[in-house]
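All remarks here apply to the structure that follows.
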Amino acid sequence: MMDIWSWICELPNSEEWAESDSPLIFTLASAKVRNQGDSTRSIQLRAERTSGSNLEVLVTFNICFEGFQASNAQKPLWVSDTCPLLSEQPFLPLVLQLLQEIINRSPSVPDSTCPRSQLQRLKPEPISWIMESHSPDSFSRFFNLVFLTRLFWLCACDAPSEVGSFYFQSLLGPNIEALTCKEAPVLRTFLVSVGVDTELCFMRTLGYILAKWIILREVSVGLQTLTPLPRQHLGISYATEAHGFWTLKGYAPVNAMKLTHSSNQKSIFPAIGAKESLLRYALAHQQLEAVIQLEYSVGFYDGYIQVNACVDNLRFHVAKLGFRKKEDDMDYFEERHFPSRIRVWVGPEVGSTYVYGLSLGRSTNNGEREIETQRIVKGSIRNQKNPQVKARSRVSLRNKMKNWRWDQDAEGNAAVFDAVLCDNVTGHEIATCKSLNYGNGGNGDNSLQNRYYGVNRPFTKTGGLVFAGDDYGERVAWRLSREMEGSVLKWRIGGEVWLSYWPNNVGTSYIETRCVEWCDEVDLPLITAK
């Protein structure tokens, strides 16, 4: 994997790098052009040294494309702000500029009815602190992610079309794992520091790039020859502990989630009609955004410590990745996936011996059933010698069913919260249905058509889903040894989410269900307040 940050940090100082020297060049990607002899195409990052006022030594970075027919290699397509080489953090302006330009070009800025919802510019203080508090290796992986993301907008929107294709095949393909930033703690620190609004813009940009990459890999022979796509690593998540909350946030492009079943298990673009291809294309530009927030408390008693936890908020939103489309075929672009099952778990580390027991707070729920009996007796007497009496009896059965069924369970010492979406007409679990007919020869009628409208809709108007404490407020509790007082334990928290697609306002028989899993660790401080 390329290491741009190390190259930038090792640029010569002012004595070794004279103004008359040629720009220093870092080749980001290069490849031979077929049927053109020794011709080579490349994307280059160049560093040029200049002098400012008071003999200040400055460096400017630019990006150039070489070997492309419609490009001018002498004219850079992007130029950075100047960076003062003699300052304590000479390349802070470069990092700030890249991040700000990524956020400004986010494809799906959160809609808001508030007239004062415009994002503020990034402040240098948190970015400066992130650069100081992390090792060069960790920050290098984060910088690769930032640089590749900014370069995507440059190649896809501001450069000739052949440059965009070259970017995906020769640059993003070999470095695709950089966009997951799986091993770098810097991404988590960055997302926590910049606030949730900026976080959404940044993560939707990453989701948009990954969605494009997956689509192109499916339809392009050249991209299919690259290293297999690590779909299980494309979902990004992180967990935090603060103010009595454990919070797990997760992001996953829908098409990067594991496909559990569909009505067509082939490529996302099989030999189908134009309208259904448009539908698949729209469904591929979506991203699951999840917030799993649990409230916890710690009580100290004679002989034991009790840790309590309950669901505070579970929020799931399927965001549309992309820019506003034309009015043509808008119905297809309004179609979206919806959560059909949520599984959340929380508990101590596997193998821990300091937990005495786990208490769940909800019994297994058996559905309510009401039976209504009606008897009607009619009689008539025609004459006293031969009376006639007619009787009629009617029994009706009525079930009370909700869209969501909640359960609690245990896996060792971990508490499991499970929510399953059911069709309240038939009672079938949506996540396991493989066709609209449920395999029983039905006509496919279901309660989820027009699921975002009406008083009985199971989702919000924007297609999201929210569970709060009033939906599922029962607590779970662990009893721990009193010897653990004063320590900070590692508690694991995780979530598994199934997304399903059923047609809402369009005529199609296509359905599918996908799944993603996240898991992380949070702190559990067992410290008494003084």
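Only the coordinates and a few stated rules stand behind these numbers; no lab work does. If you're wondering where the values come from, they're calculated on a predicted model, not measured in any experiment. We place every Cβ from the backbone using ideal geometry, glycine too, and count neighbours over all the protein chains shown.
Quick notes on this one:
- Ascending count of other beta-carbon atoms within 10 Å, so fewest first, for His285, His317, His261: His261, His317, His285
- Per-pair calculated FRET efficiency, R0 = 56 Å: Glu101 and Gln449 via Cβ, rounded to 0.05: 0.85
- Protection-proxy order for peptides 493-506, 91-104, 246-259, each taking the mean of Cβ atoms within 10 Å per residue, highest first: 246-259, 493-506, 91-104
- Positive minus negative residues near Phe91 (Lys, Arg vs Asp, Glu; Cβ under 13 Å): -4
- Listing Ile25, Ile342 from fewest to most neighbouring C-beta atoms within 10 Å gives Ile25, Ile342.
- You can think of it this way: the chain between Cys9 and Asp523 has 181.6 nm of extra reach, that is 0.36 nm per residue less the Cα-Cα gap.
- Put a dot 7 Å past the Cα of Glu334, heading toward its Cβ, do the same for Phe245, and the two dots end up 3.3 nm apart.
- Packing-based ranking, highest mean first, of 511-522, 295-306 given that Cβ atoms within 10 Å are counted: 511-522, 295-306
- Label-point gap, in nm, between Leu86 and Glu162 - each point 7 angstrom along Cα→Cβ: 4.5
- Pairs exceeding a 29 Å alpha-carbon distance, out of Lys249/Lys461; Lys32/Lys258; Lys275/Lys434; Lys275/Lys461; Lys461/Lys490: Lys32/Lys258; Lys461/Lys490.
- Multiplying the residue separation of Lys275 and Lys258 by 0.36 nm and subtracting their alpha-carbon distance yields 3.7 nm.
- What the Cβ-Cβ distance of Arg405 and Leu119 gives, at R0 = 35 Å and to the nearest 0.05, is a FRET efficiency of 0.35.
- Take the Cβ atoms of Gln306 and Val466, set R0 to 25 Å, and the FRET efficiency comes out at 0.30.
- Between Lys32 and Glu485, the modelled label-to-label distance comes to 7.4 nm, taking each label 7 Å out from Cα in the direction of the beta carbon.
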